[in-house]
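Dropping the structure in here first, questions after.
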Amino acid sequence: MADHSLSDLNYGHLGEAIYNRDAQEWLFNRQLGRKSVLMPLGEPDLSGSSATVHYQSRSTDDSAERPSEIVRQQTKDLERAIPGLWATYDSLPVQLKLSKAISSATTDYDPTRGDLLAFGNIYDEGQKRRIQVAAFPGGLNGEVLRVVQVREERRGWKRDKSIWIKAPEFSGDTGWWSGDGVPIQQVCFAQLVEAGGTFLAARSLSHTAIYRPVYRIAPTAQQQYRSSSLRNPSSLLDVNLLLSLPVKITGNDSHADVTFNPWIQRQLALVDRRGAWSVWDIHSSLGTHRPVLFREGIMSEGPPSRHGHSGPLDDGWARIVWIGNSHTLMVCTRRQITIFDIHSNPVRLKCPELGIARTAHWFLDVRSSPIHKDHVFILTSSNLFWLQVTTLDGKKSNNQSNAIAKVLLSWKHFRSDEDASLRLSITADED
């Protein structure tokens, strides 16, 4: 991403240096070459099929063939398997080469993917209480949404029976939604401030679907898109699709992130790969549900518009989070962070630049604090930032000087500045 300067420490920080006079050597807290070893607790369980499908060539050793011969054979296989492609036969080699390049580029890291595992609570109609579930993609291509009941179990070490931990286990009933064949790129539950939310979102490149899973009294036939050829078994856990927001109603660009309002479960925010964001309310009447646009805007300066704005931003990565209150949003792309107050017309609030403008560094991840809703953590190619956002109270005045984001902590992580796959994981300490 940038040329290395002479002061770069590519091997990271070694910690406090202490000189041993007797041994006449320097000692550091971190020893190069020494690795921490993580041992698995129990045997791993396969909860879902791989979300990646690899093309199986007729040849057992592709390296023995020239790329042109491989493409020619793949073209013939496709024409034989799908005769309807004969009209596009001449363009297939070009498309196959492009597909291979994209697959190779996204094998290690795909910027369009968000969190693929989410935990939440759903309502149990029989017991009249909430139960914990997990949602994640399943199926051959990751196109199937799977919601499974989660139970806690004790796990420990065979040599020492006195030590054990509580760990979640995917067991019990499972609900499925077959989808339309498009791989799921993100799943997230509504995480409300006062109580656990029951709404679930699943984002793909073509649309974002909103569900409200319910644990029924009697087994229910699993709903699915009409175009799906799969037939899922009946289950007590009903995935329960409410509505879908296709990309055509948000500007015809793939959604890059989705999140629920922590204060209002029936409100969600979307940002697409061009930096255009929108907030939607979920209206329900007589068993039908529909999305209603609440606010919209765009990262770049100018009037909000979902049509005719600039092209994709860098690699299409973007994130959107609620911060501070129910009407303040932080929108982040690879090179820019903007805070909006959406109490009425969107107002841009002051936000520090964080040293990105005159460098080749990128923003890599943004996470709000699960405890302090006015705190947010931002990961860049070089630093981890901890910010506090003072929101603009819509009931007072629209003076932007009252709202500002200030840096509480900046920590240089010494990780590779070319590794765009770095992520944050924020966990609340119950102690």
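The values are calculated or read from the model by the stated rules, or taken from the named source; none is laboratory data. Because the structure is predicted, anything quoted here is derived from the model rather than measured. In this analysis, Cβ positions are derived from the backbone assuming ideal geometry, glycine residues included, and neighbour counts consider all displayed protein chains. These area figures cover heavy atoms from the full protein model, side chains too; ligands, DNA and RNA do not enter into them. Shrake-Rupley method; radii C 1.70, N 1.55, O 1.52, S 1.80 Å.
Mind jotting down the distance between the C-alpha centroids of the range 317-390 and the range 250-277, whole Å?
The two parts, judged by their Cα centres, are 15 Å apart.
So how much accessible area does GLU353 have, in Å² to the nearest 10, using a 1.4 Å probe?
Counting only protein heavy atoms, GLU353 exposes about 80 Å² to solvent.
To the nearest 10 Å², what's VAL292's accessible area with a 1.4 Å probe?
Its accessible surface works out to 40 Å², give or take rounding.
Return the long-range amide H neighbours of PHE199 (sequence gap of 5 or more, or a different chain), with a cut-off of under 5 Å between placed amide H atoms.
ALA190
May I pose another question? Order the following by accessible area, largest value first: GLU69, GLU25. Probe radius 1.4 Å; ligands, DNA and RNA are ignored.
So, going from the largest accessible area down, we get GLU25, GLU69.
So, in nm, how far is label ASP22 from label LYS166 when the simple model puts each one 7 Å beyond its Cα toward the Cβ?
4.8
Express the relative contact order of the range 140-182 as a whole percentage, based on alpha carbon pairs under 8 Å and six or more residues apart in sequence. Show your work: numbers first, answer last.
Working: 65 pairs, mean separation 22.9, N = 43.
This gives 53 percent for the range 140-182.
Please compute the contact order of the range 135-209 in relative form: average sequence separation of alpha-carbon pairs under 8 Å and at least six residues apart, divided by the residue count, as a percent.
Details: 132 pairs, mean separation 20.9, N = 75.
Contact order relative to length: 28 percent.
Turning to a different aspect of this structure: Arranged from highest to lowest average of other beta-carbon atoms within 10 Å per residue, in what order do the peptides 175-188, 408-421, 373-386 appear?
175-188, 373-386, 408-421
Let me ask something else. Applying the Karplus parametrisation 6.51 cos²θ - 1.76 cosθ + 1.60 with θ = phi - 60° to the phi angles of the range 120-126, what ³J(HN,Hα) value in whole Hz is obtained for each residue in order, glycine and proline being reported as x?
Computed from phi, the couplings for the range 120-126 are x, 10, 10, 8, 9, 5, x Hz.
For the range 243-305, what does the relative contact order come out to in percent, with C-alpha contacts under 8 Å and a separation of six or more?
For the range 243-305, the relative contact order is 23 percent.
Another question, if that's okay. Enter the accessible area of ILE122 (Å², nearest 10), with the probe set to 1.4 Å and all protein chains included.
Probe radius 1.4 Å; accessible area of ILE122 about 0 Å².
In addition: Starting at the first residue of the range 131-144, write each ³J(HN,Hα) from the Karplus equation 6.51 cos²θ - 1.76 cosθ + 1.60 with θ = phi - 60°, in whole Hz, x for Gly and Pro.
The phi angles translate into 10, 8, 9, 10, 10, 6, x, x, x, 5, 10, x, 8, 9 Hz.
Could I ask something else about it? Just to make sure I understand: if all protein chains stay in place, what is the order of TYR211, TYR19 by accessible area at 1.4 Å, largest first?
Ranked list, largest accessible area first: TYR19, TYR211.
OK, next. Please go through the residue pairs LYS373/LYS412; LYS248/LYS412; LYS350/LYS412; LYS158/LYS412; LYS166/LYS373 and name each one whose alpha carbons sit more than 29 Å apart in this structure.
On the way: LYS373/LYS412 24 Å; LYS248/LYS412 41 Å; LYS350/LYS412 23 Å; LYS158/LYS412 40 Å; LYS166/LYS373 27 Å.
In this structure, LYS248/LYS412; LYS158/LYS412 lie more than 29 Å apart at Cα.
Let me ask something else. Please compute the modelled spin-label separation between SER344 and ASP374, points set 7 Å along Cα→Cβ, answer in nm with one decimal.
Between ASP374 and SER344, the simple spin-label model gives 2.3 nm.
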